Amino acid sequence: MEKQTEKQLPFPVYNDNWQWFKLIDLFDIQGTKKQLPTDETKSGPYPHVSSKATNNGVMEHYDYFTEKGGVLTVESSCNGYCSYQKQNFSTHGHIIKLIPKFKMDDFIALFLVTVINLDREYYNYGRKCSMDKLRKRLIKLPVQKKIDSDRIYSAEGYIPDWEYMHCIMLVLSKQQISCRNGLTARFFWPKEEK
C-alpha cells in the first residue's frame, strides 16, 4: 500500500487520533468521459476540468457537462493534483473522479483535498498518478473514538471523524490571517449548508 508521508498540515490539529484509510474504502474511483469542445460549444456555467494544478483544475466553462458534481477529481497525466468539483462538469480526459461513499459537504471535501494533496510530489511525469495507484493509496485521517463493528471504512473498524473535518474547515473559513507583506487576508470558502 502506498502511504501518505507524515507532513505538517497547513491548519491546526486538535484531534490527535489519526489512522490510515484506503481511498478505495472511502470512494468509488472511476475514470471520466473525455469530451473535447467543438466549434459549436458555447461558453456556459459548467466548469471544464483539465490537468492544470491551479484554479481548482478548471480551464474554461462550457454549456454542457459529462460528470455529476459533488466529487473529488485527481489529474492523472502528471502530478496527481486533487480538487473538489461541487457542480456538474466536463473534462478532457486524464481526470479520475473520487465519488464519496459517505455524505460529503464542501468543508469535508476541502479537508480531504488538503490531505490528499500533501503527497502530490510523489507523482511526476515519469511516475504518473493512475486509478491503480489511487486504489492502493492510503491517507491518514482523524477518527472517532468509537469502533464500527461493520468495518465500513477500515478493516480495523476506525470511523473517520467527519464532524471534526467539517468543523476545522468551517473555523478556518471564518478566520483572518496575517500575510508576510503586512496585509490581512480572509479565507473565502463556501458558506455552511443548512
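A few points about this structure:
- ASN124 modelled with pLDDT of 90 or more, of a type outside the set (Ser, Thr, Tyr) and surrounded by fewer than 23 Cβ atoms within 10 Å (Cβ to Cβ): no
- Lone unmet requirement of (1) touching a Pro at 6+ places or on another chain (Cβ under 8 Å); (2) within 20 Å of LEU36 (Cα to Cα); (3) not aromatic (Phe, Trp, Tyr) for SER77: (1)
- Scanning region 84-95 for residues that are surrounded by fewer than 24 Cβ atoms within 10 Å (Cβ to Cβ) and either among the hydrophobic types (A, V, I, L, M, F, W, C) or over 18 Å from LYS34 (Cβ atoms) (or both) yields TYR84, LYS86, GLN87.
- Residue check, ASN79 among the polar types (S, T, N, Q), open to solvent by 30 Å² or more (accessible area, probe 1.4 Å), in contact (Cβ under 8 Å) with a residue 24 or more places away in the chain and assigned to a helix (DSSP H, G or I): no
- Among (1) within 18 Å of the chain's Cα centre (by Cα); (2) open to solvent by less than 70 Å² (accessible area, probe 1.4 Å) - the single one ARG135 does not satisfy: (2)
- In the set (1) within 14 Å of SER130 (Cβ to Cβ); (2) outside any loop (DSSP other than H, G, I, E, B), ILE99 fails one condition alone, (1).
- Selection within region 21-61 - open to solvent by less than 20 Å² (accessible area, probe 1.4 Å) and in a strand (DSSP E or B): PHE21, PHE27, ILE29, PRO47, HIS48, VAL49, VAL58
- Unique match (being of a type in the set (D, E, K, R) and in contact with a Cys (Cβ under 9 Å, 6 or more places away or on another chain)) among ARG135, ARG120, ARG127: ARG120
The values are calculated or read from the model by the stated rules, or taken from the named source; none is laboratory data. The model shown is predicted, which means the values in this text are computed figures rather than measured ones. Neighbour counts run over all protein chains shown; Cβ positions are idealised from the backbone, glycine included. Please note that ligands, DNA and RNA were not included when accessible areas were found on the heavy atoms of the full protein model with its side chains. Shrake-Rupley method; radii C 1.70, N 1.55, O 1.52, S 1.80 Å.
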